[in-house]
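Visitor: I'd like to ask you about the structure that follows.
The values are calculated or read from the model by the stated rules, or taken from the named source; none is laboratory data. Since the model is a prediction, treat every value here as computed from it, not as a measurement. Here the Cβ is made from the backbone with ideal geometry for all residues, glycine too, and neighbour counts use every protein chain on show.
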Amino acid sequence: MSTAPRDPAITVWAEARLPGFHRWPGAGGHRGYLAARHRHLFHVRAEAAVAHDDRDIEFHDLGDLVRGWWGPGPREWDCLSCEAIARDLATHLAQRGVPVTRVTVAEDGEAGATVTLLAPGEA
């Protein structure tokens, strides 16, 4: 049996703090205040797979793609959740050829959601 180490999976990542608004129309009870439009400083993190130590995508470029997708100033998300926003960014990056593996969107850096993309054949 071989004891040689496996090649590591490598990802690069970029984060941005981006202002935006959303609401949760279905909020009720003690969280009813979330039904109204409210502001967050969304913490957005995107990760992309790289095959070598010289990077297939420069992480500064990845950050530029994230900020470009968001646009200037606060973004209006209406009733989209952190999960939906993360999925939207993952789709945006993948459509531009970025080998995105994971996107996290958090409200004010306190709580959020992560979308992990599986490689073909993974379950």
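Visitor: Taking the stretch 88-106 as the search range and keeping residues that are in contact (Cβ under 8 Å) with a residue 40 or more places away in the chain and surrounded by fewer than 18 Cβ atoms within 10 Å (Cβ to Cβ), which one is farthest from Leu18 (Cα to Cα)?
Guide: Pro99
Visitor: If you don't mind, another one. Confirm whether Ile85 is modelled with pLDDT under 95 and either farther than 15 Å from Gly20 by Cβ or surrounded by 17 or more Cβ atoms within 10 Å (Cβ to Cβ) (or both).
Guide: no
Visitor: Among the residues of the stretch 76-114, write down those that are of a type in the set (Lys, Arg) and over 8 Å from the mean Cα position of the chain (by Cα).
Guide: Arg96
Visitor: Against the definition (in contact with a strand residue (DSSP E or B) (Cβ under 8 Å, 6 or more places away or on another chain), at pLDDT below 95 and among the polar types (S, T, N, Q)), how does Thr3 come out, yes or no?
Guide: Judged against the criteria, Thr3 is not a match.
Visitor: Here is a further query. Pick out the one residue from Trp13, Trp69 that is under 19 Å from Glu107 (Cα atoms) and either at pLDDT below 95 or part of a helix (DSSP H, G or I) (or both).
Guide: Trp69
Visitor: Kindly evaluate Arg23 against the criterion of being surrounded by 12 or more Cβ atoms within 10 Å (Cβ to Cβ), within 16 Å of the chain's Cα centre (by Cα), under 18 Å from Glu107 (Cβ atoms) and basic (Lys, Arg).
Guide: No: the conditions fail for Arg23.
Visitor: Same structure again: (1) at pLDDT below 95; (2) buried (at least 17 other Cβ atoms within 10 Å of the Cβ); (3) not in a strand (DSSP E or B): which one isn't true of Ala49, the others all being true?
Guide: The number of the failed condition is (3).
Visitor: Give me a count of the residues in the stretch 7-29 that are within 19 Å of Arg102 (Cβ to Cβ) and of a type in the set (Lys, Arg).
Guide: Number satisfying all stated conditions: 1.
Visitor: Name the residues in the stretch 100-123 that are under 23 Å from Val50 (Cβ atoms) and modelled with pLDDT under 95, would you?
Guide: Selection gives Leu117, Leu118, Ala119, Pro120, Gly121, Glu122.
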